[in-house]
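Enquirer: My questions will all concern the structure given below.
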Amino acid sequence: MKTMIFFCVCLAAALVLPIVTDASHLNMAILVLMAAQVGVAWNMVGGYAGQVSLGHAAFYGLGAYASTLLLVRFGVNPWIGVLAGGVIAAMLSLAFGWSCFRLKGHYFAMATIAVAELVQIFFTEWEYGGAAVGLYVPMDRQGWLWMNFATKLPYYWLALGLLLLTLAANWWIERSYLGYYFRAIKDEPDAARSIGVNIARYKQVALSVSAFFTALGGSLYAQKELYIDPGSVLSTALSIKMALVAILGGVGTLFGPVIGAVVLTSIEEFTRILFGGTGRGTDVIIYASLIIVIAVFYPTGIVGWVRSFRERREARADASRRMAVPSVPVQAGNGEAS
């Protein structure tokens, strides 16, 4: 019930926000929604299934390049390109998982970085895909049909809609048998294997679904920014940010990545305003610092910290109520000593 109330309040605020804010704050809200969406997508494999991928930028970049190349080279409608990018990313995740799921723990995380770096190198050298120069999204056709607009507001609604779609998929997975299998693989893989759960198969399912939604986020980024290159959509820093958004808010929770995106994006924008061009690399320092703080003090993230704080407060309130209840003296009965 509390989760539903929180969701309704946040949704109402998101619907009202474009009315009460200006263009600069609206752009920041779009960045928050886009960061939250990829964080929720990463959470499907990293939070529920416990497979910490640090190479998700490969799927994000595939979505961005697929939709852009289909539009630029073949004139394919961006809505079709977005879906095509998601399918291509899900297909790549099969090779991604086949090569990486043989490893465990930090070896798996390092392998995902290596695969993502190979994808970035490929697009950097691929002349047909723009190589290191990148690609521009044409603006000759505008409107909802071509997902191309002259103002920020339509991108806000697209980002909000995509976030809600990803949250809905996450919510369904969380409450379906897939969610139980994913959590079993994360917490007790040997016990899951002993009852017949095909661990490799369901790890792959988690990665494919996560890759699909991550690619959708990459396609939306390309349409919003109207320009992509390997450094903007395939960097390791982007992969780390996707993971950090979920870890900061609370892995394995529905709204943890959303809260993490609000906090992290606000910090990024503040440092960009504070330091300007002289602050290059500040975001990496912030990421590293947050990872250390979370690992040492708040391993369950902001959502876990709030839950533990609420439980401690309720426990103290219960203890206070018990102490405030007066003890009832026992009355001696007839023929008994008082």
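Enquirer: Kindly indicate whether residue 34 is in contact with a Leu (Cβ under 8 Å, 6 or more places away or on another chain) and either part of a loop (DSSP other than H, G, I, E, B) or of a type outside the set (Gly, Ala, Ser) (or both). Steps first, please.
Expert: Working: in contact with a Leu (Cβ under 8 Å, 6 or more places away or on another chain): yes; either part of a loop (DSSP other than H, G, I, E, B) or of a type outside the set (Gly, Ala, Ser) (or both): yes.
Taking the combined requirement at face value, the residue satisfies it.
Enquirer: Okay, next question. Working carefully through the options 225, 269, find the one that is under 23 Å from residue 14 (Cα atoms), at pLDDT below 90 and over 18 Å from the mean Cα position of the chain (by Cα). Explain how you work it out, then say what you get.
Expert: On the way: 225 fails: at pLDDT below 90.
It is 269.
Enquirer: Follow-up question, since we're still on this one. So in the stretch 220-273, with the set limited to residues that are of a type in the set (A, V, I, L, M) and outside any helix (DSSP H, G or I), which one is nearest to residue 52 (Cα to Cα)? Give the derivation first.
Expert: So the first thing to find is which residues in the stretch 220-273 are of a type in the set (A, V, I, L, M), and the list is 220, 222, 226, 228, 233-234, 237-238, 240, 242-248, 251, 254, 258-259, 261-264, 267, 273.
If we keep only those that are outside any helix (DSSP H, G or I) as well, we get 226, 228, 234, 251, 254.
Details: 226: 31, 228: 26, 234: 17, 251: 10, 254: 17 Å.
Going through the qualifying residues, I end up with 251.
Enquirer: If you scan the stretch 183-205, which residues turn out to be in a helix (DSSP H, G or I), out of contact with any Gly (no Cβ under 9 Å at 6 or more places or on another chain) and either small (Gly, Ala, Ser) or farther than 17 Å from residue 43 by Cβ (or both)? Write out each step before concluding.
Expert: At the first step, the residues of the stretch 183-205 found to be in a helix (DSSP H, G or I) are 183-187, 189-194, 199-205.
Among the residues that remain, those that are also out of contact with any Gly (no Cβ under 9 Å at 6 or more places or on another chain) are: 184, 190-194, 199, 201-202, 205.
Scanning the stretch 183-205 gives 184, 190, 191, 192, 193, 194, 199, 201.
Enquirer: Hey, another quick one. Would you check which residues across the stretch 164-178 are touching a Gly at 6+ places or on another chain (Cβ under 9 Å) and farther than 16 Å from residue 4 by Cα and list them?
Expert: Result: 166, 173.
Enquirer: As an exercise: evaluate residue 52 against (1) surrounded by fewer than 19 Cβ atoms within 10 Å (Cβ to Cβ); (2) modelled with pLDDT under 95; (3) out of contact with any His (no Cβ under 9 Å at 6 or more places or on another chain) and give the number of the one condition it does not meet.
Expert: Just one mismatch for residue 52, condition (3).
Enquirer: Further question: Hey, could you check the stretch 295-316 for residues that are hydrophobic (A, V, I, L, M, F, W, C) and surrounded by 10 or more Cβ atoms within 10 Å (Cβ to Cβ) and say which is modelled with the lowest pLDDT? I'd like the intermediate steps shown before the answer.
Expert: Of all residues in the stretch 295-316, those hydrophobic (A, V, I, L, M, F, W, C) come to 295-297, 302-303, 305-306, 309, 315.
Filter once more, keeping what is surrounded by 10 or more Cβ atoms within 10 Å (Cβ to Cβ): 295, 302-303, 305-306, 309, 315.
Details: 295: 70, 302: 83, 303: 84, 305: 80, 306: 82, 309: 80, 315: 83.
By that ranking, first place goes to 295.
Enquirer: Could you tell me how many of the residues in the stretch 1-49 are surrounded by fewer than 11 Cβ atoms within 10 Å (Cβ to Cβ), among the polar types (S, T, N, Q) and at pLDDT 90 or above?
Expert: Going through the stretch 1-49, the residues surrounded by fewer than 11 Cβ atoms within 10 Å (Cβ to Cβ) turn out to be 1-2, 4-5, 8-9, 12-13, 16, 19-20, 22-24.
Okay, now just the ones that are also among the polar types (S, T, N, Q), so 24.
Still in the running and at pLDDT 90 or above: none.
The number of residues fulfilling the criteria is 0.
Enquirer: Still on this model: Residue 205 is checked against (1) touching a residue at least 40 places away in the same chain (Cβ under 8 Å); (2) farther than 30 Å from residue 72 by Cβ and fails just one. What number does that condition carry?
Expert: (1)
Enquirer: From the residues in the stretch 230-243 that are surrounded by 21 or more Cβ atoms within 10 Å (Cβ to Cβ) and not hydrophobic (A, V, I, L, M, F, W, C), which one is farthest from residue 61 (Cα to Cα)?
Expert: So the residue we want is 241.
The values are calculated or read from the model by the stated rules, or taken from the named source; none is laboratory data. Remember, it's a predicted structure, so these values are computed and weren't measured experimentally. Please note: Cβ atoms are built from the backbone with ideal geometry, for glycine as well, and neighbour counts cover all protein chains shown.
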